[in-house]
Amino acid sequence: MIILGIETSCDDTGVALVEIKQSSQDSTPTILANVVAGQNDFHQQYGGVVPEIAARKHVEMLFPSLTKAFEDAGMEMGEVDAVAVTSHPGLVGSLLVGVECAKTIALLYQKPLLAVDHLKAHFYSIAMEGVSYPYIALLVSGGHTILAICKSPIQIEVVGATLDDAGGECFDKVAKYYGLGYPGGPMVERLACEGNENSYLFPHIMARHENPFAFSFSGLKTAVIHHAKRYHQNKQLKQELYLPDLAASFQKAVVDHLLENTLKAVKKFGINRVGVCGGVSANGYLRKRFSNVPAFQAYFPRFELCTDNAAMIAGLAYHYYQNGEAVGDITGLNPAPQSFKKSKVL
Ligand code: KG4
Ligand code: ZN
């Protein structure tokens, strides 16, 4: 079975074609094409994603991306068996572009349409590396930080989420303050390579909260920014502010927090397979720290599946299809922009 996937929930235009061999036990998809057209250059000057620009760029980039994907796979559009699209959550203007495009293709070629949850797809990107269920999954992206137990591709139990900023958002905001550019994560990581992670001791995050798996990043963000403000007000000290040290110490504080809650979940739920997904899982320091923990085996999606992409959408859609979850009324499908609600089963 070949599934066309379309992803336009934020600022990456993704089109992918994946094949799943229905005859074999193994439903891990083979990626035939995975095209991602990023928009960083257009949002860079604002230090974050501008929704209006993102939606307009999807309109421009979706058709060339479709053409490229079918060229890469050496296929015609009519040859796909189903069409999958991210329908929630995300920026509504961005989602609309992908959803309307997918509806049109499904109607034109009379194919089943699958409306996919973007967050479940991030969790599924870990399974695409062959990890067996159940596993504990940590999603850390620009919009979300969620700790969950994945029991199957579509059965996901959320145990904790961020109470304020997302992990990636924290990287982006700190980077914006220091004028490092957008997206902030890769810039901070590069700088941190030359710094000493023990130079600055930032406050321990979330020492106490009723949910031991909840995250918080806004306090850390404020501490890092205030730290620099103090230096800026004092010329002599300013000379002593060495950004690589600050970046390394900040990055360490983020990963300490992520790792601490994950370890608590490993102990509580007795599952020793842990996958980290979403844009921040591309971070090399995070990968090293998680890989060195004896209490669990760490899994990470390959780099092109960490950030937003349509291969994870198409791959997960196969399981929706198997579960009889194709969209009944194709013309009636509307994107649902709502963000994830805390503490629920996805
Ligand atoms: O999953 P993603 O592409 O989009 C969302 O769904 O949000 O994640 C983007 C986020 C951004 O906040 C970006 O700064 C962060 O992932 N990111 C990183 C790295 N690469 C991307 N954060 C830390 N280190 C990285 N190497
Ligand atoms: Zn995402």
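Taking amide hydrogens as modeled 1.01 Å from N in the peptide plane, which residues meet the under 5 Å criterion relative to CYS277, leaving out close sequence neighbours?
Distant-sequence amide H within range of CYS277: LEU138, LEU139, VAL140.
Using Cα atoms only, what is the angle between the long axis of helix 92-109 and the major principal axis of the chain, expressed in degrees (0 to 90) to the nearest 10?
20 degrees
Provide the percentage of antiparallel DSSP beta bridges, counting only those with both residues in region 16-129; round to the nearest 5.
Just about 45 percent of them are antiparallel.
Quick check: the angle from helix 311-322's long axis to the longest principal axis of the chain, C-alpha only, nearest 10 degrees?
That helix lies at roughly 50 degrees to the long axis.
Please list, in chain and number order, the residues 5+ apart from ASN272 or on another chain whose amide H is under 5 Å from its amide H, with Hs placed from the backbone.
Under 5 Å from the amide H of ASN272 lies no amide H from a residue far enough along the sequence or on another chain.
Which ³J(HN,Hα) values in Hz, rounded to whole numbers, follow from the phi angles of region 247-261 under the Karplus curve 6.51 cos²θ - 1.76 cosθ + 1.60, where θ = phi - 60° and Gly and Pro get x?
4, 5, 5, 5, 4, 4, 4, 5, 5, 4, 5, 4, 5, 4, 5
Rounded to the nearest 500 deg cm²/dmol, what is the calculated helix-only ellipticity per residue at 222 nm for the chain, with -39500 (n - 2.57) per DSSP H run of length n ≥ 4?
Computed mean residue ellipticity for the chain: -13000 deg cm²/dmol.
First check a/c for region 1-122, with a ≥ b ≥ c the square roots of the eigenvalues of its C-alpha gyration tensor; if it is under 1.5, answer rounded, and if not, answer prolate when a/b is larger than b/c or oblate otherwise.
prolate
Rounded if a/c is under 1.5, else prolate if a/b is larger than b/c, else oblate: which is region 276-317, with a ≥ b ≥ c the root eigenvalues of its Cα gyration tensor?
Cα axes put region 276-317 in the oblate bin.
Are any of the pairs LYS151/LYS264; LYS68/LYS120; LYS111/LYS151; LYS264/LYS288; LYS151/LYS267 more than 21 Å apart by Cα-Cα distance, and if so, which?
Result: LYS68/LYS120; LYS111/LYS151 exceed 21 Å.
Take every DSSP beta bridge with both residues inside the chain and express the antiparallel ones as a percent of the total, to the nearest 5.
Within the chain, antiparallel bridges account for around 60 percent of the total.
We did not get these values from a lab; they are worked out from the coordinates using the rules stated. Just so we're clear, the structure is a prediction, and the values are computed from it rather than from any experiment.
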